[in-house]
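Q: This structure is in structure tokens; I'll ask about it shortly.
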Amino acid sequence: MDNAEVLLLARAQFGLNIGFHILFPSLTIALGWVLLYFRLRYARSGDPAWLATYKLWTKVFALSFAMGVVSGITMSFQFGTNWPGFMLKVGNIAGPLLAFEVLTAFFLEATFLGVMLFGMNRVPGWVHVFSSAMVAIGTTISAFWILALNSWMQTPAGHVRTQGGVLIAGDWLQVIFNPSFPYRLVHMLLASGLTAAFVLAGLSAWRLLRSSDDASARNTLRTGLALAAVLAPLQIVAGDLHGLNTLEHQPAKIAAVEAIWKSERGVPLLLFAVPNEERRTNEFALGIPKGASLVLRHDRDGELKGLDDFAPDTAPVAPVFFAFRLMVGMGGLMLLLAWLGVWATRGGALPPRWLLWGLAGSTFAGWIATLAGWLVTEIGRQPWIVTGILRTSEAAGGASGAQLGASLTGYVLTYTVMFIAYMVVLTHLAGKGAHA
């Protein structure tokens, strides 16, 4: 097995691990705030339906949090086993950011999560509410530090190179608040909000298909739909701004996303195509004339750089091209369903069964969009693990293809069993509904 195949296996293993892991933080980041909302509604109204709702979704949060912790710990080991070159060269920057996440966020979450889960009848009400707030804040701080590191890897800034070629932080504020960080943080927080909103709406719709008079399910359905209806348009705006930032700092990624092979003016916005990397053309292309130039340059005749200008340091086009369109397509679907749902539930009405089925079927639409977005983000920066500084091939370790293949198979089997178990428990909880 040649080095290219070994590198591909190492990337596939890490990609599988981080792809599985990100499912759960993308849900719990926003779900922590939703739980705080449920807890405050119960504290103010004393309505047992809100208490039942809070207790049910606390179980979902705890289950998802545990899955995220387990998969996150496994992922951290791969920095040493699969990518030792990464920590050797940029560990002085990556290490402290990961440590900040553990010290200021994970411990905060873990400490107050115990009170939130088991302390409702053991501590004063205000202490329990405070604990719920600390868990929500902790999940957001956790996202802050992880995205600071990921954004620095995409658009590095504030670092200094030593004589030995190792990077250290010259200005921590520039490292943390690097050029893409604000856009990536907002984009991810909104994605988490949409993910949580559709899990709320979808599982509530599933419950209402079985028991239409469930008051708690009606509450959570309306909460999820209202949240999604507000966040979906905001995500479109944030995504556009993030795209403009990426064009400025990572133009090669945009060229891959839009399958632009040569620099030109008046570039069409491709709705569908089959990129052919050998011929460097787009087959079966269907697009809006000059649309890409209008969106990215705000000028129908604006010039966009093509992949040929960045060769050979370009990402594989097809996976980035299709993943981006899947993300945008899922975003459009979520916007449509959210607005339809808000209209159908006005005045406390129960949506028609066809819409309930549609919402139930879209429970994990946020996950699909999030995974597609992360594929764009991570594959789109190849061949760099830290853009312009460290190539992915230079960071890889010495594990053999056989070792990587065996461990990848083990990961696939383990994660498949874990995910099936998670889904069984989740649908069981949703099917039973909330009980005070």
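Q: How much accessible area per residue does segment 84-135 have, counting only protein heavy atoms and a probe of 1.4 Å, in square angstrom?
A: Details: 2530 Å² over 52 residues.
Result: 49 Å² per residue.
Q: Please identify which residues in segment 295-337 have an amide N closer than 12 Å to a label point set 7 Å out from the Cα of VAL274, following the Cα→Cβ vector.
A: Nothing falls inside the zone, counting backbone N under 12 Å.
Q: Moving on. Going toward the positive end of the dipole of the chain, with +1 on Lys and Arg Cβ and -1 on Asp and Glu Cβ, which of ILE420, PHE38, ALA49 do you reach last?
A: The residue sitting most towards the positive pole is ALA49.
Q: Grab the beta carbon distance between ALA110 and TYR37, set R0 = 22 Å, and tell me the FRET efficiency rounded to 0.05.
A: Working: r = 22 Å, r/R0 = 0.99.
That gives a FRET efficiency of 0.50.
Q: Also, I was wondering about something else. Taking the dipole about the Cα centre of segment 230-313, with the C-beta of Lys and Arg at +1 and of Asp and Glu at -1, give me whichever of ASN276, LEU231, ALA259 is farthest to the positive side.
A: LEU231
Q: Quick one: among VAL320, VAL90, VAL127, which has the greatest mean-square fluctuation in a GNM of the chain with alpha-carbon springs under 10 angstrom?
A: VAL127
Q: How much of the accessible area of the chain, in percent, comes from carbon and sulfur atoms when a 1.4 Å probe is used?
A: Numbers: 13130 of 19450 Å².
Exposed carbon and sulfur together represent 67 percent of the surface.
Q: For segment 26-82, what is the accessible area per residue in Å², given a 1.4 Å probe and the full set of protein chains? Kindly include the intermediate steps, with their values, before the conclusion.
A: On the way: 2220 Å² over 57 residues.
Spelled out: the 1.4 Å probe surface of segment 26-82, per residue, equals 39 Å².
Q: Taking only the alpha-carbon positions of segment 83-156 and ignoring solvent, what does the Debye formula give for the base-10 log of I(q)/I(0) at q = 0.15, 0.19, 0.25 Å⁻¹?
A: -0.58, -0.75, -1.02
Q: Mind checking which helices in the chain clear 15 Å along their axis (Cα) and have mean Kyte-Doolittle hydropathy of 0.0 or more, DSSP H runs only? Show your work: numbers first, answer last.
A: Working: long enough: 3-45 (63 Å, 0.84); 48-81 (50 Å, 0.83); 84-101 (22 Å, 0.88); 107-118 (17 Å, 1.92); 125-154 (44 Å, 1.07); 181-210 (44 Å, 1.06); 215-249 (49 Å, 0.49); 317-344 (40 Å, 1.84); 365-379 (21 Å, 1.25); 401-432 (46 Å, 1.07).
Flagged H segments are 3-45, 48-81, 84-101, 107-118, 125-154, 181-210, 215-249, 317-344, 365-379, 401-432.
Q: Given only helices, namely DSSP H runs of n ≥ 4 each adding -39500 (n - 2.57), what is the per-residue ellipticity at 222 nm of the chain, to the nearest 500 deg cm²/dmol? Don't skip to the answer; put the middle values down first.
A: Details: 15 runs with 309 residues, N = 436.
After summing the helix terms and dividing by residue count, I get -24500 deg cm²/dmol.
Q: Let me see the P(r) profile for segment 233-279: every Cα-Cα distance counted, bins of 10 Å, each bin given as a percent of all pairs.
A: For segment 233-279, the binned pair fractions read 22, 50, 24, 4 percent.
Q: Please work out the average accessible area per residue across segment 169-220, using the 1.4 Å probe convention, and give it in Å². Before the final figure, lay out each step's value.
A: Working: 1820 Å² over 52 residues.
Per residue, segment 169-220 has 35 Å² of solvent-accessible surface.
Q: Another question about this same structure. Based on alpha-carbon centroids, what's the gap between segment 288-335 and segment 67-82 in Å, whole number please?
A: 32 Å
Q: Separate question: Subtract the Cα-Cα distance of ALA99 and PHE130 from 0.36 nm times their separation in residues, and report this length gain in nm to one decimal.
A: Values: separation 31, 0.36 × 31 = 11.16 nm, distance 2.49 nm.
Residue separation times 0.36 nm, minus the Cα-Cα distance, leaves 8.7 nm.
Q: Subtracting the Cα-Cα distance from 0.36 nm times the residue separation, let me have the gained length for VAL425 to THR81 in nm, one decimal.
A: Values: separation 344, 0.36 × 344 = 123.84 nm, distance 3.27 nm.
Length gained, VAL425 through THR81: 120.6 nm.
Q: Relative to the present Cα-Cα distance, how much length would full extension add between LEU286 and ALA406 at 0.36 nm per residue of separation?
A: Details: separation 120, 0.36 × 120 = 43.20 nm, distance 4.17 nm.
Answer, rounded to one decimal: 39.0 nm.
Q: What stretch of the chain, leaving out the sites themselves, is the longest with no trypsin sites (Lys or Arg not before Pro) in a DSSP loop having at most 12 other Cβ atoms within 10 Å?
A: Values: sites that count: ARG122, ARG279.
Result for the longest clean stretch: 280-436.
Q: Next up: Check the straight Cα-Cα distances from LYS305 and name the lysines below 21 Å, setting aside those fewer than 8 residues away within the same chain.
A: LYS253, LYS262, LYS290
Q: Related question: Please turn the phi angles of segment 389-397 into ³J(HN,Hα) values with the Karplus equation 6.51 cos²θ - 1.76 cosθ + 1.60 (θ = phi - 60°), one per residue in order, whole Hz, x for glycine and proline.
A: Ordered by residue, 3J(HN,Hα) equals 10, 9, 7, 4, 5, 6, 8, 5, x Hz.
Q: Quick one: dipole size for the chain, taken about the Cα centre, charges +1 on Lys/Arg Cβ and -1 on Asp/Glu Cβ, in debye to the nearest 20.
A: On the way: 29 positive and 23 negative charges, 284 e Å.
With Lys and Arg at +1 and Asp and Glu at -1, about 1360 debye.
Q: Along the Cα→Cβ direction, 7 angstrom out, place labels at ALA349 and PHE118. What is the inter-label distance in nm?
A: For ALA349 paired with PHE118, the spin-label model returns 4.7 nm.
Q: List residues of segment 323-357, by number, whose backbone nitrogen lies under 12 Å from a label position 7 Å along Cα→C-beta of ALA226.
A: Label zone hits: 342, 346-348.
Q: Would you please give the residues with an amide H less than 5 Å from that of ILE385, counting only those at least 5 places away or on a separate chain, with H modeled from the backbone geometry?
A: LEU390, ARG391, THR392
Q: Could you tell me the distance between the Cα centroids of segment 98-162 and segment 353-369, to the nearest Å?
A: Going from one Cα centre to the other spans 29 Å.
Q: Taking a label point 7 Å from the Cα of VAL417 along the Cα→Cβ vector, which residues of segment 60-87 have an amide N closer than 19 Å to it?
A: Answer for segment 60-87: 66-75.
The values are calculated or read from the model by the stated rules, or taken from the named source; none is laboratory data. Being a predicted model, the structure only gives us computed values, none of them experimental. Virtual Cβ from ideal backbone geometry, glycine too; neighbours counted across all protein chains shown. Calculation scope for accessible area: heavy atoms of the full protein, side chains included, ligands and nucleic acids excluded. Shrake-Rupley method; radii C 1.70, N 1.55, O 1.52, S 1.80 Å.
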